[in-house]
Each structure stands twice: as structure tokens, then as C-alpha cells.
Amino acid sequence: MNSKFIKLLKIYIKRHSLLRILQIRECLNLKLIGNSVEFGAIANKDKTFSSFFTGKSKFKYSNFKKKNNTVPFDLTKNLNISKNSFNNVILFNVMEHLPSYNKTFSEIYRITKKGGLFIGSTPFLYQVHGAPKDYFRFTKQFFEFNLKKNKFKNIKIKTLGFGPFIASYSLLSSYLKYLPIISDLFLLISYLLDLFIQLFVKTNLKEIYPIGIFFSARK
């Protein structure tokens, strides 16, 4: 059996959100080398995304507050990090918690080495979640515009999801997880209904009802 499928199945069994599962699926397809930093994370394998990338990369972790030897950061301001410090910068489920993102793209560009990767994801059709506050939801077009504006290249952006029924399942999953059999059945029915609707709609439904956005770009 495919090792990627087994990893995703284990995560699903642990009742992680569908958004996280889809984000991890994208990580499993990317190979990282060199030094990397994951913002908004602590050195905890169950909470980071770094452990799901392939390749060999040495990770540092940074959070808004100092936790477990992480370096505190504030992506709304100039970072106290030297330019060209990292081969890869990882930013998952962080930007929606920033009250201002004017500095975020330019600072990440500055600290990324030439040819390095900037990889991230944010929720879209997803419940309000404070950490401590939740300010924004970003579209695919938002990332296309801002990554280009800040000189990133080889931009790849994907919508995560399947359609309106899977989006509805995602919104209800925090409650359905307490009813595992019902949750699994709801997920299957939602997926099948989205497949049925897609037969009659020309536009890919996940482009209209994304539960999240995933992007990667190079400096």
C-alpha cells in the first residue's frame, strides 16, 4: 500500500480536520533540502507540518510567543532575521491571524535564499478560530497578486476541497468527530454528492467552494 496513503489514513483516524489532511497531502509531494523555518509552529511532530515534507531539511521553529525553545516572531513587522537565511520558509494557518500582512510577503522574501521555496496554506471556508484572533480569509487571486508583487517566481496555487457538500462537512467536522461512524458516512455521502453536481457544472467546484488555499513559490 502507498506510504503516503497510509500516513494520511493515520491522520484521518486521529480525527484531524479535513483541511489539515488536505494540507498534509500537499506537503507529502514536496521535497525540501537545506535550512528551513516554520512560522507559527513549535517543535512538536503532531502540530508542525515540517515532518510531512520529504527530503532532508534542518528545521527551526518560530511562534508569536516564545514556546519550547522557539524564536518569537511578529510577521506584521520587520523580522530580526538576516537576509538570505533560509532555503525554505513554511507558513501554515498563520496569515489569517495577522491583523496586518503588509510586511509579511516582503520580509519572507528577504530572509529566503535565492532559489529558495516559500510554502504556505490558509483556510477559506472554515470556522472562525482564534489564536488569539482571526482576521481574514484569502482567495487564490490574493496570493497570485501578492506573490508576484513581491517578486516571487514559479508560483503554484491550489484550492483545497471538492465542492459545497465537502465544504459543509468540513464546517461540521468539529462536532461530527464525536460520532465517528456517522462522520465517515457523512464524508462519503458529501464526496459522492459533489461528484454528482460536478457532472452538471463546467467550473471545478473546489474553485468555487475551497476549504483552503495552498501555495508555493520561489525567490
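The values are calculated or read from the model by the stated rules, or taken from the named source; none is laboratory data. Bear in mind the structure is a predicted one, so any value in this text is a computation, not a measurement. Note that we place each Cβ from the backbone using ideal geometry, even for glycine, and neighbour counts take in every protein chain shown.
Which residue out of L193, L176, L160 is among the aliphatic types (A, V, I, L, M) and closer than 29 Å to V89 by Cβ?
When all the criteria are applied, what remains is L160.
Which of the residues belonging to region 8-32 are outside any helix (DSSP H, G or I) and touching a strand residue (DSSP E or B) at 6+ places or on another chain (Cβ under 6 Å)? Quick ask: steps written out before the conclusion?
Of the residues in region 8-32, the ones outside any helix (DSSP H, G or I) are 14-17, 28-32.
Within region 8-32, K31, L32 qualify.
What's the number of the only condition in (1) out of contact with any Leu (no Cβ under 7 Å at 6 or more places or on another chain); (2) exposed (fewer than 15 other Cβ atoms within 10 Å of the Cβ); (3) without any contact (Cβ under 8 Å) to a residue 40 or more places away in the chain that S190 fails to meet?
Looking at each condition in turn, S190 falls short on (2).
The conditions are (1) more than 15 Å from I119 (Cα to Cα); (2) not in a loop (DSSP other than H, G, I, E, B), and Y178 fails exactly one of them. Which is it?
So the condition that Y178 fails would be (2).
Considering only residues that are assigned to a loop (DSSP other than H, G, I, E, B) and of a type in the set (S, T, N, Q), which ones fall in region 83-141?
Taking region 83-141 first, the residues assigned to a loop (DSSP other than H, G, I, E, B) are 83-85, 93-94, 98-103, 124-139.
Once the filter is applied, which keeps residues that are assigned to a loop (DSSP other than H, G, I, E, B) and of a type in the set (S, T, N, Q), region 83-141 yields N84, S85, N93, S100, N102, Q127, T139.
Can you tell me which of Y101, Y135, Y169 is over 23 Å from F53 (Cβ atoms) and in contact with a His (Cβ under 7 Å, 6 or more places away or on another chain)?
Numbers: Y101 fails: in contact with a His (Cβ under 7 Å, 6 or more places away or on another chain); Y169 fails: in contact with a His (Cβ under 7 Å, 6 or more places away or on another chain).
On inspection, the qualifying residue turns out to be Y135.
Taking interchain pairs and intrachain pairs at least six residues apart, which have beta carbon atoms under 6 angstrom, with the first residue in region 207-219 and farther than 16 Å from P123 by Cβ and surrounded by 21 or more Cβ atoms within 10 Å (Cβ to Cβ) and the second modelled with pLDDT under 95 and among the small types (G, A, S)?
Pairs found: none.
Name the single residue that is farthest from K153 (Cα to Cα) among those in region 95-118 being crowded, with 23+ Cβ neighbours inside 10 Å and of a type in the set (A, V, I, L, M).
M95
Can you tell me which residue is nearest to L9 (Cα to Cα) among those in region 151-182 that are free of Cβ contacts under 8 Å to residues at least 40 places away in the same chain and within 24 Å of the chain's Cα centre (by Cα)? First the steps, then the outcome.
Going through region 151-182, the residues free of Cβ contacts under 8 Å to residues at least 40 places away in the same chain turn out to be 165, 168, 172, 175-176, 178-179, 181-182.
Then drop every residue that is not within 24 Å of the chain's Cα centre (by Cα), which leaves 165, 168, 172, 175-176.
On the way: F165: 21, S168: 21, L172: 20, Y175: 20, L176: 17 Å.
Applying the filter and picking the extreme gives L176.
Restricting attention to region 147-156, does a residue exist that is more than 14 Å from Y126 (Cα to Cα), in a helix (DSSP H, G or I) and of a type outside the set (D, E, K, R)? Don't jump to the end; show me each part of the working.
First, pick out the residues of region 147-156 that are more than 14 Å from Y126 (Cα to Cα): 147-156.
From what's left, in a helix (DSSP H, G or I): 147-149.
Going one step further and asking which of them are of a type outside the set (D, E, K, R), we end up with 147.
Yes: one or more hits.
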